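The values are calculated or read from the model by the stated rules, or taken from the named source; none is laboratory data. Being a predicted model, the structure only gives us computed values, none of them experimental. Here the Cβ is made from the backbone with ideal geometry for all residues, glycine too, and neighbour counts use every protein chain on show.
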């Protein structure tokens, strides 16, 4: 049976995780005044109890490993961070470009933030909600990939979801994920979505991943691609500096969105 100190410490860890979306061993050790060995033991116990999921150097909520939630629900989680990322990513789009826009709550924020002054932009997307959102943008033409509908995400996947992607050469692809890790690369909770995301990366000259701080150094079930298939990562200003440094050293250009532009 764990001691009272261990119980209180583990409760504090769970509280910190619920507020921040990710916890790191070194930061927890400093915050709680114990050794990293003790923190690792606490995280192991909490994972065994189903309270979190371990990642390299820390832990993330169990929802990264649980059945996926509808887009409408995930859109309400870490909304401030997603809006920051969306605005920063939208600023990368230039008039005259062809861009691929993935399904997801963060890419939805990006679509909302596309400048009204853009002209002659072609957006290729597998997200029905994004197609409807962008149909009123005066400078954007929307091309929907086609395929089979996944109702939870309003997305189009295989069979037939990737045929169009084989025929285009986009300037940039903006793709979401559930985990980005130096060793495991980009990963996602759903196999069908991961397959389409991988095709999006191959169809573009430059690839940009949108991932809030909770997804850095996390690993989900389905592999999308290794990090050498990605050029830029856009994350938010709650990202752990050690995670940002590790991903930068792995070859990613990391843009930290602070909400100022």
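Points to keep in mind about this one:
- From the options 111, 127, 89, 51, residue that is more than 20 Å from residue 144 (Cα to Cα) and modelled with pLDDT of 90 or more: 89
- Condition check for residue 149: surrounded by fewer than 19 Cβ atoms within 10 Å (Cβ to Cβ), touching a strand residue (DSSP E or B) at 6+ places or on another chain (Cβ under 9 Å), over 22 Å from residue 84 (Cβ atoms) and modelled with pLDDT under 95: yes
- One residue from 259, 251 being more than 14 Å from the chain's Cα centre (by Cα), surrounded by fewer than 19 Cβ atoms within 10 Å (Cβ to Cβ) and modelled with pLDDT under 90: 259
- Residue in segment 15-30 that is surrounded by the fewest Cβ atoms within 10 Å (Cβ to Cβ), counting only those that are out of contact with any strand residue (DSSP E or B) (no Cβ under 9 Å at 6 or more places or on another chain) and modelled with pLDDT of 80 or more: 15
- So residue 229, is it touching a strand residue (DSSP E or B) at 6+ places or on another chain (Cβ under 7 Å) and surrounded by fewer than 21 Cβ atoms within 10 Å (Cβ to Cβ): yes
- Answer residue from segment 54-82, given it is buried (at least 19 other Cβ atoms within 10 Å of the Cβ) and either assigned by TED's automatic domain parsing to the domain that holds residue 129 or within 15 Å of the chain's Cα centre (by Cα) (or both) and is modelled with the lowest pLDDT among those: 64
- When segment 1-14 is filtered for residues that are under 21 Å from residue 238 (Cα atoms) and exposed (fewer than 12 other Cβ atoms within 10 Å of the Cβ), nothing remains.
- Number of positions in segment 232-244 that are over 18 Å from residue 174 (Cα atoms) and surrounded by 12 or more Cβ atoms within 10 Å (Cβ to Cβ): 7
- Checking the stated criteria, residue 211 turns out not to satisfy the condition of being out of contact with any helix residue (DSSP H, G or I) (no Cβ under 8 Å at 6 or more places or on another chain), under 20 Å from residue 250 (Cα atoms) and at pLDDT 90 or above.
- Single residue of 139, 161, 179 found to be farther than 28 Å from residue 243 by Cβ and touching a helix residue (DSSP H, G or I) at 6+ places or on another chain (Cβ under 6 Å): 161
- When segment 178-215 is limited to residues that are closer than 18 Å to residue 101 by Cβ and in a loop (DSSP other than H, G, I, E, B), the one that is farthest from the chain's Cα centre (by Cα) turns out to be 203.
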